[in-house]
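I have placed the structure first, in the form of structure tokens, so that the comments after it can refer back to it.
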Amino acid sequence: MMLTTQSNTTTCPFCALLCDDLQIQVQDNHINTITNGCYKAASGFTQTVDIQPRVKGQIVSQIEAIEIAVDLLSKARLPLYAGLGTDVAGIRAVLQLAKQTGGVVDHKDGNKQSARTLAIQNSGYLTTTLTEVRNRADFMLWIGDDIPAIFPRLWQRCVEREATLFANPAKQPTIVHFGSQSPTEANQSFNLNLVQLPEVINGLRALLAGQVLQTTQIAGIPLEEYQSLIAKMKAAQYGVIVWQTASLSMEQTDLTIHALYQLAKDLNQTTRFSALPLGGNEGGVSALQVTTWQTGFPLRIGFKQDRVHYDSWQFDTQRLLKQQEVDTLLWLSSFDTPQLPKDAKGLPTILLANTYPENLTYEPDVFIPIGTPGIHHTGQLFRVDGVVALPLQHLINQSTTTAESILVTLTEKILMKCS
Ligand code: SF4
């Protein structure tokens, strides 16, 4: 007899929008129908998982794999806990393990996360939520290349207004796009190489302040076009500057993000404007939130003699690996196909992931399979705007355990070994 269950309010964990309106049918422990999800959800919910632990590529028992991982972490002088593709409980557990072993903690998108944190530390920020955007925004400046590929349902979930909180909802927002791949939804596009964004944003700020510029163009676009954009921004009742942080790859990204926050602040002198940075996929928003409330510091951090140290430069995964300052790597990846950092080749490596891809950069010393929160077990993730943590469902049974459970076991065994 076939056993079929249907969930109409499933939360999707495969990007930080965390759409919570997916309808998923599970038949005989297989997900076979997904309604409302995008292509990323379709591939995430149906990906094959690997449930066999490995040591140097050879299948072993879970007990053996854990013992080898304990041995590697016990010997490490400075272990690095990175990737951090896990849920709230997984992050809490990795912080405990890092504290126990005197390790460093960083997310795989630590560069972009840190740039945003530095900008906020520098000048604060005016931000908004997806709900506010959906209900109130009448003008949006979208900045980024390929936003629809990274956040596929942003338009559908935040801009298309079928129902809102108000009897008389705001009109459909005007969309202006900065970047090289203009979404079809844009009403106006500024075809820009985003490396030039700093001069464009600072030029806009200067024009908004009424300054006379000694040029007729910025980034190849005539000043009149920017003047016309400023007029539209000033006329908006509720404007939002949305940027895809992954697209900002200029030098000192934090200064560009600072300028974007300042532009929103400047516009608030005459109307209402907010910022909405897009980023934090693969548990990035949760990693930042949990680390902040558990330790009092944002990522990137290191534990030394029971004290927490925050330093976005010193504890940068790429830098630590390149300079060979860490001697063991534990990489966590529960959502997407894991990609180990190439500079970690040769380093004792423990991979906790939902799958063991054939094309890994190199063979990790230990692979321990973990489930995907929202498919194989319940959990919680923070949404891109950081204001809500959404519950994730347990949809199918698989012989995998949670990242939290493996990390707690490692911590306990290391504690026993040291006592
Ligand atoms: S947009 Fe993101 S959260 Fe929504 S269904 Fe697609 S991958 Fe999932």
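You will find that of 105, 133, 176, the residue that is within 16 Å of the ligand (Cβ to nearest atom) and buried (at least 18 other Cβ atoms within 10 Å of the Cβ) is 133 and no other.
For region 252-266, state whether one or more residues are surrounded by 14 or more Cβ atoms within 10 Å (Cβ to Cβ), outside any helix (DSSP H, G or I), touching a helix residue (DSSP H, G or I) at 6+ places or on another chain (Cβ under 8 Å) and at pLDDT 95 or above. There is no residue in region 252-266 that is surrounded by 14 or more Cβ atoms within 10 Å (Cβ to Cβ), outside any helix (DSSP H, G or I), touching a helix residue (DSSP H, G or I) at 6+ places or on another chain (Cβ under 8 Å) and at pLDDT 95 or above. Checked against the criteria, residue 55 does not count as over 16 Å from residue 353 (Cα atoms), more than 14 Å from the ligand (Cβ to nearest atom), β-branched (Val, Ile, Thr) and touching a residue at least 60 places away in the same chain (Cβ under 8 Å). If you go through region 196-228 and keep only what is assigned to a loop (DSSP other than H, G, I, E, B), among the hydrophobic types (A, V, I, L, M, F, W, C) and out of contact with any helix residue (DSSP H, G or I) (no Cβ under 8 Å at 6 or more places or on another chain), you end up with just 212. Of all residues in region 140-154, those that are within 14 Å of the ligand (Cβ to nearest atom) have Cβ atoms under 7 Å from Cβ atoms of residues that are assigned to a loop (DSSP other than H, G, I, E, B) and among the polar types (S, T, N, Q), 6 or more apart or on another chain, in 146/181. Being surrounded by 18 or more Cβ atoms within 10 Å (Cβ to Cβ), touching an Asp or Glu at 6+ places or on another chain (Cβ under 7 Å) and either outside any helix (DSSP H, G or I) or touching a residue at least 60 places away in the same chain (Cβ under 8 Å) (or both) is true of residue 82.
Scanning region 1-52 for residues that are of a type in the set (D, E, K, R) and either within 11 Å of the ligand (Cβ to nearest atom) or buried (at least 22 other Cβ atoms within 10 Å of the Cβ) (or both) yields a total of 3.
Listed by first and then second residue, the pairs with beta-carbon distance under 9 Å, at least 6 apart or on different chains, first residue in region 32-52 and outside the structural domain of residue 355 (by TED's automatic domain parsing) and touching a residue at least 24 places away in the same chain (Cβ under 8 Å), second charged (D, E, K, R) and away from the ligand (no atom under 14 Å from the Cβ), form an empty list.
Considering (1) in a strand (DSSP E or B); (2) in the same structural domain as residue 372 (by TED's automatic domain parsing); (3) among the small types (Gly, Ala, Ser), the lone condition that residue 7 does not fulfil carries the number (2).
Within region 148-171, the set of residues being part of a loop (DSSP other than H, G, I, E, B) and modelled with pLDDT of 85 or more comprises 151, 152, 153. The set of residues in region 229-251 being over 24 Å from residue 279 (Cα atoms) and either not in a helix (DSSP H, G or I) or not assigned by TED's automatic domain parsing to the domain that holds residue 158 (or both) consists of 236, 237. Scanning region 271-282 for residues that are part of a loop (DSSP other than H, G, I, E, B) and either at pLDDT below 95 or not hydroxyl-bearing (Ser, Thr, Tyr) (or both) turns up 272, 279, 280, 281, 282. Looking across region 381-392, the residues that are surrounded by fewer than 18 Cβ atoms within 10 Å (Cβ to Cβ) and at negative phi come down to 387, 388, 390, 391.
Being in contact (Cβ under 8 Å) with a residue 60 or more places away in the chain and outside any loop (DSSP other than H, G, I, E, B) holds for only one residue in 286, 312, and it is 286.
The values are calculated or read from the model by the stated rules, or taken from the named source; none is laboratory data. All of these numbers come straight from a predicted model, not from anything done at the bench. We place every Cβ from the backbone using ideal geometry, glycine too, and count neighbours over all the protein chains shown.
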